[in-house]
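Read the structure below first, then the notes.
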Amino acid sequence: MVIRIAVVGLGKMGLSHHAMINVHPRVKLAAVCDATGYVLDVLNKYTGVRTFTDFDAMLNEVELDAVIIATPSSMHSRMVNAALTKGLHVFCEKPFCLDTKDGETATRLANEKNLVNQVGYHYRFVGAFQEVKRLLEAKAIGEVTHVLAEAYGPVVLKPKGSSWRTQRAEGGGCLYDYAAHPLNLVNWYFGAPLGVGGTVLNKIFSKDTDDEVFGSLYYADGKSAQISVNWSDESFRKMSTKLSIWGTAGRITADRQECQVYLRDTDVLPAGYHVGWNSRYTTDMTAPVWFYLRGEEYSAQLDYFVTCIEQRRAHDNVNSFASALETDKVIAMMIADAQKGASTKSSDAPVDQPRKKRGLFASLR
């Protein structure tokens, strides 16, 4: 069985998906769609793939099994729903939808039609972050008390003309484009939070949207998580996502390269781990892929999508629309929280009452 797939949107991520899926051994790249004519001309000339500037025309004219949607975020909802209505499986780049109502509609439609649905939160396919998931499920660090989720990188480093990513209505800014990644990981590990607080969405260089995001997530069991994200940080060569997790029996710190675990002297230790510091490297925990581009996780998530289609696993997907919608809902809560401003202002703080002076030896009585 060969899966016939189209790639929609040929920007940075779309071209990456095109390169990977085009050489997948069990996939035929049947069509591509983009608004930029010269990119389509080059692809058609050198690869012979069918090209379209009209998404609906492509859906009507090409026999497809699935689509990969990598367009600007504001276009996701309409395209996802059109593809699902045609009975196609859908892989959609993150963020899923800028409006949670649109996300709910797409999720419901995919489930009703029993179609495979996946969103491109690729960190769930990184070996170090997968090891964190395994350790947490094994209660390796006991009961988790606090999480720090961070992401930094050099995206917007000076005032300049805006792109779709830096327009709130088109891409959603740093919150949707960067903070969504650590938020999605925290949701994967702990589920949706009970609420949020102290959210700051701050502009540094952008005119229309946020460049840094800070806030707290609260859980019913008393656990908390802090989010710290900045895409105007040139001290990082590229995006860097890191999680630190504290528990009653130890601590976990993980990024794309490594999972570091400190374990206290407890009765039960995970296999292969010892008391004190332990390190596990992504390179040792990552299976080889058929095509390497930017990182194995990008290929791994597309292969997972293909496998789910082949095995008809529409309701068993680690990166389903439903899980991405959970992340979108946390983002919506953070936006609403930030719009409220400070919940406690200096004028609300109690004023200390003057204390009665006491003699030198009064405290000794």
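List of remarks:
- Those lysines that a straight Cα-Cα span of less than 18 Å connects to K133, excepting residues fewer than 8 apart in one chain: K223, K242
- Extension gain (nm, one decimal) between Q257 and S343, 0.36 nm per residue minus Cα-Cα: 27.2 nm
- Rounded to the nearest 500, the helix-only mean residue ellipticity at 222 nm of the chain stands at -9500 deg cm²/dmol, with each DSSP H run of n ≥ 4 adding -39,500 (n - 2.57).
- Annotation: amide H-H contacts under 5 Å for K203 (H modelled 1.01 Å from N, sequence separation of 5 or more, or interchain): D211.
- Overall, the chain carries a charge dipole of about 1060 debye about its Cα centre when +1 sits on the Cβ of Lys and Arg and -1 on the Cβ of Asp and Glu, all other atoms neutral.
- Using θ = phi - 60° in the Karplus curve 6.51 cos²θ - 1.76 cosθ + 1.60, the 3J(HN,Hα) couplings for region 283-297 round to 4, 7, 10, 10, 6, x, 10, 6, 8, 9, 8, 6, x, 4, 4 Hz; x is entered for Gly and Pro.
- As a calculated quantity, the FRET efficiency between K113 and V200 at R0 = 56 Å, using C-beta atoms, amounts to about 0.90.
- Here the average projected area of the convex hull drawn through the C-alpha atoms of region 302-343 stands at 3.7 nm².
- For the chain, average projected area of the Cα convex hull in nm²: 25.2
- Förster radius 25 Å - calculated FRET efficiency between H315 and K139, Cβ distance, rounded to 0.05: 0.40
- Each Lys and Arg contributes +1 and each Asp and Glu -1, all at the Cβ; summed about the Cα centre of region 262-318, the dipole is approximately 100 debye.
- Gyration tensor (Cα) of region 92-237, equivalent ellipsoid semi-axes in angstrom: 26, 22, 15
- Extension gain for the segment A220 to E234, taken as residue separation times 0.36 nm less the Cα-Cα distance, is 1.4 nm to one decimal.
- Taking all Cα-Cα distances within region 275-353, those exceeding 22 Å account for 61%.
- Length-normalised contact order for the chain - Cα pairs under 8 Å, 6+ apart - percent: 18
- Gyration tensor (alpha-carbon) shape descriptor, region 16-80, a/c threshold 1.5: rounded
- Considering only Cα atoms, the convex hull volume of region 1-113 works out to 96 Å³ per residue.
- Of the GluC sites (Glu not before Pro) in region 1-102, the ones in a loop by DSSP (not H, G, I, E or B) with at most 11 other beta carbons within 10 Å are E63.
- Short-range pairs are left out: with C-alpha atoms under 8 Å and at least six residues apart, the relative contact order of region 226-337 is 12 percent.
- Under 5 Å, built H, 5+ apart or other chain: amide partners of R256: T241
- FRET efficiency, 1/(1 + (r/R0)^6) with R0 56 Å, evaluated for K86 and T266 via beta carbons: 0.55
- Length added when fully stretched, W277-K329, from 0.36 nm per residue minus Cα-Cα: 15.1 nm
- The residues neighbouring H146, those whose beta-carbon lies less than 13 Å from its own, together hold a net charge of 0 under the Lys/Arg +1, Asp/Glu -1 convention.
- Amide N of region 78-114 lying under 17 Å from the label point, which is placed 7 angstrom from the Cα of D56 along Cα→Cβ: 78-87
- Computed over region 47-204: relative contact order in percent, which uses C-alpha pairs under 8 Å that are six or more apart: 19
- Average projection, convex hull of the Cα set of region 42-98: 4.3 square nanometres.
Only the coordinates and a few stated rules stand behind these numbers; no lab work does. All values derive from a computational prediction rather than experimental measurement. When we count neighbours, we look across all protein chains shown, and the Cβ atoms used for this are built from the backbone with ideal geometry, even at glycine.
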